[in-house]
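So the structure is just underneath, and the comments pick up after that.
The values are calculated or read from the model by the stated rules, or taken from the named source; none is laboratory data. Please read these numbers as outputs of a predicted model, since none were measured by experiment. Quick reminder, even Gly has a Cβ in these numbers, built from the backbone with ideal geometry, and neighbours come from all protein chains shown.
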């Protein structure tokens, strides 16, 4: 079992004929993702890596049948229309890779997702990787890298940083710690599946025994996870690291979603809330693998 992506998911790529769409289609297919076709308006009838291209999602669904997931690689100003088109044609999960998607557009996507009982990851995400199951997006860069870097196991990773998503997963695997699913939630202020939603999925995943969370200053994602832990909704152990310790109030840190205003979203507030909830918070990134091993040993 894995969260978000399995071998059974029927996946399409919107924007498949672009440079990123073509490159990531190859990555996903070679890793084992069941990519069935792609969409680029005006390019119907072409093929990319043996996949047929359609003008619209509705034409694709009519020809190929129901679609579970769409990965979007289109310019930011076209993301809203692409996402809504997918949702209105029965797609229940969308992965929005582009950054700089207007916040108002993301809010509209969110409203449509709720209306259609669907979810989305991102915007501004590297995507999701379930080890030996599939990739949605661009984690690993090449299938050969992803297959050699990440080993299958019982630790789930959720991260607000794209680079750290890959790094933390690589170092865990190098330390002999296997992974279930790796998720980069996205770096923007408004996203579809923040930490708390991903952690909840890990809580309900029988393959995942421990959750690693890379957080940052800004937004209330980590505090929400702490509240869920206190309420008993999250009972699996959480090992967390929060970036941005040295940032001053009002400072933007790394991503659009990482800004501290007053005491809201501060490093101190997040660390305190998580520790009070029972999370294992480390202050040095390099300590994560050792802490994960320690907690897993205690759990056994």
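Observations on the structure shown:
- Some residue of region 145-152 being in contact (Cβ under 8 Å) with a residue 24 or more places away in the chain and within 17 Å of the chain's Cα centre (by Cα): yes
- With respect to being out of contact with any strand residue (DSSP E or B) (no Cβ under 6 Å at 6 or more places or on another chain) and buried (at least 20 other Cβ atoms within 10 Å of the Cβ), residue 122 falls outside the description.
- Residue satisfying condition, being more than 24 Å from residue 107 (Cα to Cα), crowded, with 16+ Cβ neighbours inside 10 Å, touching a strand residue (DSSP E or B) at 6+ places or on another chain (Cβ under 9 Å) and touching a residue at least 60 places away in the same chain (Cβ under 8 Å), within set 14, 34: 34
- Test for residue 38: is it assigned by TED's automatic domain parsing to the domain that holds residue 23 and on the phi > 0 side of the Ramachandran plot: no
- Annotation note: of 79, 74, 48, the sole residue that is farther than 30 Å from residue 156 by Cβ and surrounded by 18 or more Cβ atoms within 10 Å (Cβ to Cβ) is 48.
- Every residue from region 266-276 that is in contact with a strand residue (DSSP E or B) (Cβ under 8 Å, 6 or more places away or on another chain) and more than 14 Å from residue 217 (Cβ to Cβ): 275
- Residues of region 142-162 that turn out to be within 17 Å of residue 99 (Cβ to Cβ) and either crowded, with 24+ Cβ neighbours inside 10 Å or out of contact with any strand residue (DSSP E or B) (no Cβ under 9 Å at 6 or more places or on another chain) (or both), as a count: 2
- Within region 52-71, being surrounded by fewer than 18 Cβ atoms within 10 Å (Cβ to Cβ) and closer than 18 Å to residue 127 by Cβ holds for one residue alone: 68.
- Scanning region 1-30 for residues that are touching a helix residue (DSSP H, G or I) at 6+ places or on another chain (Cβ under 7 Å) and assigned to a helix (DSSP H, G or I) returns 27, 30.
- Being touching a residue at least 60 places away in the same chain (Cβ under 8 Å) and farther than 23 Å from residue 131 by Cβ is not true of residue 39.
- Region 207-230 - residue that is in contact with a strand residue (DSSP E or B) (Cβ under 8 Å, 6 or more places away or on another chain) and within 24 Å of residue 107 (Cβ to Cβ) and, of those, surrounded by the fewest Cβ atoms within 10 Å (Cβ to Cβ): 220
- Every listed requirement among (1) closer than 29 Å to residue 189 by Cβ; (2) touching a helix residue (DSSP H, G or I) at 6+ places or on another chain (Cβ under 8 Å); (3) in a loop (DSSP other than H, G, I, E, B) is met by residue 136 save one, (3).
- Selection within region 187-206 - farther than 14 Å from residue 220 by Cβ, surrounded by 22 or more Cβ atoms within 10 Å (Cβ to Cβ) and either in the same structural domain as residue 109 (by TED's automatic domain parsing) or modelled with pLDDT of 95 or more (or both): 192, 193, 198, 202
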